[in-house]
Amino acid sequence: MAGALRELQRELENKANDVNKLQKDISKNHEVRKKYTIQLGENEIVLKELDLVKEDANVYKLIGPVLVKQDVMEANANVRKRIEYITAELKRLEGALQDMEGQHNSKKESIGVSVSSVPNVYEVSPLWVPKLFRAHMHYKLFGGSLKATTKDSSSPSRKGKGITCLYGLMYCSY
Amino acid sequence: MEKMSVEQLKAVKEQIDQEVVFLQDSLNNVRSASTRLKIASNALHDLSLRPQGKQMLVPLTASLYVPGTLDSADKVVVDIGTGYFVEKTMAEGKEYCERKMNLMKSNYDQLIEVASKKKNIADEAGAFLQAKLRQAAPTT
């Protein structure tokens, strides 16, 4: 029994770590996308401004500390290319984000399945609790599919139908 | 919102709070940008009144000034962002400032609207959350 429990614990730990890592990646993705969106906005403003400029006007580009004279057409093409690149990059990040979210959800579900398949656990090692609770936090945060388990978590150790919720996802049958 | 669990409500509230903070930041940014544009516009106007060859002190750093003479006041170089500068006439430069200020103003108005809406939603979620917590408290 103890061996099986330890096995299960390790498995859950790994899964929880995976989920945590994915979550970190997702928030990183959010940050990068935010940065790119801001740059896109700025570039669009510049493009609008360049469109307003007369063809023979003097346009300068700041390279390091010096202003280098540039053709209007050239500057225009440059900014357009930049916008294109940023838009492509944003699209790529969007795809990656969706990918990660899909993985995230499936990982969360797999944790839920393995926990609910725990057979008649009578003793709970105290080591379990924080790990499981941490895994449980993800459900809370994302309102995942484990509503039945999270519903009881607000009142731990409340008895119901012979099954008692101890901590978070941890259930004991009585 | 009534059907949500305490956890979901908490998550929603947290998220909206974050959005509200973000919007406040944006508002501050827009405000400072329009202040800077106002200063630039004033400086431009001031410059256009000076005659050519006027003696002036040019700031190199915040505390170091060197004497110089005004060459011409009818051409200005405008920073339009992302490292690009455009040479414009004085009138065009003024128009640029004017246009940018209008843009900031409209952005500001839009942001204010969105921010106040979000704030209302956040307050609502907070109220629901507290009601839920009060409900849950006596049963435990």
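I'd like to check something: does segment B:5-13 contain any residue that is open to solvent by 90 Å² or more (accessible area, probe 1.4 Å), more than 26 Å from A:Leu52 (Cα to Cα) and either within 11 Å of another protein chain (Cβ to nearest Cβ) or of a type in the set (Lys, Arg) (or both)?
Narrowing segment B:5-13 to residues open to solvent by 90 Å² or more (accessible area, probe 1.4 Å): B:10.
Narrowing the set further to residues that are more than 26 Å from A:Leu52 (Cα to Cα) leaves B:10.
With the extra rule that they be either within 11 Å of another protein chain (Cβ to nearest Cβ) or of a type in the set (Lys, Arg) (or both), the set shrinks to B:10.
For segment B:5-13, residues open to solvent by 90 Å² or more (accessible area, probe 1.4 Å), more than 26 Å from A:Leu52 (Cα to Cα) and either within 11 Å of another protein chain (Cβ to nearest Cβ) or of a type in the set (Lys, Arg) (or both): present.
When you look at A:Lys21, is it open to solvent by less than 30 Å² (accessible area, probe 1.4 Å), of a type in the set (Lys, Arg) and at pLDDT below 95, yes or no? Write out each step before concluding.
Details: open to solvent by less than 30 Å² (accessible area, probe 1.4 Å): no; of a type in the set (Lys, Arg): yes; at pLDDT below 95: yes.
The answer is no for A:Lys21.
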Qualifying positions in segment B:49-81 - within 14 Å of another protein chain (Cβ to nearest Cβ) and among the aliphatic types (A, V, I, L, M): B:Leu60, B:Val76, B:Val77, B:Val78, B:Ile80
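Please go through segment B:87-97 and pick out each residue that is touching a helix residue (DSSP H, G or I) at 6+ places or on another chain (Cβ under 7 Å) and either at the interface with chain A (Cβ under 10 Å from one of its Cβ atoms) or more than 15 Å from A:Lys48 (Cα to Cα) (or both). Step through it out loud before you land on a result.
Restricting attention to segment B:87-97, the residues satisfying the condition of being touching a helix residue (DSSP H, G or I) at 6+ places or on another chain (Cβ under 7 Å) are B:88, B:90, B:93-94, B:97.
Matches in segment B:87-97: B:Lys88, B:Met90, B:Gly93, B:Lys94.
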Could you tell me whether segment A:40-48 includes any residue that is among the hydrophobic types (A, V, I, L, M, F, W, C), under 11 Å from B:Tyr84 (Cα atoms), touching a residue at least 12 places away in the same chain (Cβ under 8 Å) and out of contact with any Phe, Trp or Tyr (no Cβ under 7 Å at 6 or more places or on another chain)? yes
Filter result (touching a helix residue (DSSP H, G or I) at 6+ places or on another chain (Cβ under 6 Å), of a type in the set (S, T, N, Q) and free of Cβ contacts under 8 Å to residues at least 24 places away in the same chain) within segment B:1-54: none
I need the full set of residues from segment B:102-140 which are closer than 23 Å to B:Asn42 by Cα and within 14 Å of another protein chain (Cβ to nearest Cβ), in order please. B:Asn102, B:Leu103, B:Met104, B:Ser106, B:Asn107
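Being closer than 30 Å to B:Leu133 by Cα and either under 29 Å from the mean Cα position of the chain (by Cα) or modelled with pLDDT of 95 or more (or both) narrows it down to one residue among B:Ala11, B:Ala62, B:Ala33; which is it?
Numbers: B:Ala62 fails: closer than 30 Å to B:Leu133 by Cα; B:Ala33 fails: closer than 30 Å to B:Leu133 by Cα.
None of the other options fit; the residue is B:Ala11.
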Within segment A:45-70, residues in contact with a helix residue (DSSP H, G or I) (Cβ under 9 Å, 6 or more places away or on another chain) and more than 10 Å from chain B (Cβ to nearest Cβ) come out as A:Asp51, A:Glu55, A:Asp56
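Here is a check on your reading of the model: is B:Glu113 under 30 Å from B:Lys3 (Cβ atoms) and modelled with pLDDT of 90 or more?
yes
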Which residues, counting only those in segment A:8-39, are free of Cβ contacts under 8 Å to residues at least 12 places away in the same chain and within 15 Å of A:Ala96 (Cα to Cα)? A:Lys21, A:Lys24, A:Ser27, A:Lys28, A:Glu31, A:Lys34
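Evaluate segment A:77-92: report whether one residue or more is more than 30 Å from B:Asp79 (Cα to Cα) and at pLDDT 95 or above.
Kept after step one, since they are more than 30 Å from B:Asp79 (Cα to Cα), are these residues of segment A:77-92: A:92.
So of that shortlist, the ones also at pLDDT 95 or above come out as A:92.
Checked against the condition, which is being more than 30 Å from B:Asp79 (Cα to Cα) and at pLDDT 95 or above, segment A:77-92 yields at least one hit.
Name the residue that is least open to solvent (accessible area, probe 1.4 Å), counting only residues in segment A:52-65 that are modelled with pLDDT of 90 or more and not basic (Lys, Arg). Explain how you work it out, then say what you get.
Pass one, segment A:52-65, residues modelled with pLDDT of 90 or more: A:59-63.
Now narrow it down to the ones that are not basic (Lys, Arg): A:59-60, A:62-63.
On the way: A:Val59: 0, A:Tyr60: 42, A:Leu62: 72, A:Ile63: 94 Å².
This residue is A:Val59.
Which one of A:Arg6, A:Arg10, A:Arg33 is surrounded by 13 or more Cβ atoms within 10 Å (Cβ to Cβ) and out of contact with any helix residue (DSSP H, G or I) (no Cβ under 9 Å at 6 or more places or on another chain)?
Values: A:Arg10 fails: surrounded by 13 or more Cβ atoms within 10 Å (Cβ to Cβ); A:Arg33 fails: out of contact with any helix residue (DSSP H, G or I) (no Cβ under 9 Å at 6 or more places or on another chain).
The match here is A:Arg6.
The values are calculated or read from the model by the stated rules, or taken from the named source; none is laboratory data. Bear in mind that the values here come from a model prediction, so they are computed numbers and not experimental data. No Cβ is skipped: glycine too gets one built from the backbone with ideal geometry, and neighbour counts run over all protein chains shown. We work out accessible area using only protein heavy atoms, side chains counted, and drop any ligands, DNA or RNA first. Shrake-Rupley method; radii C 1.70, N 1.55, O 1.52, S 1.80 Å.
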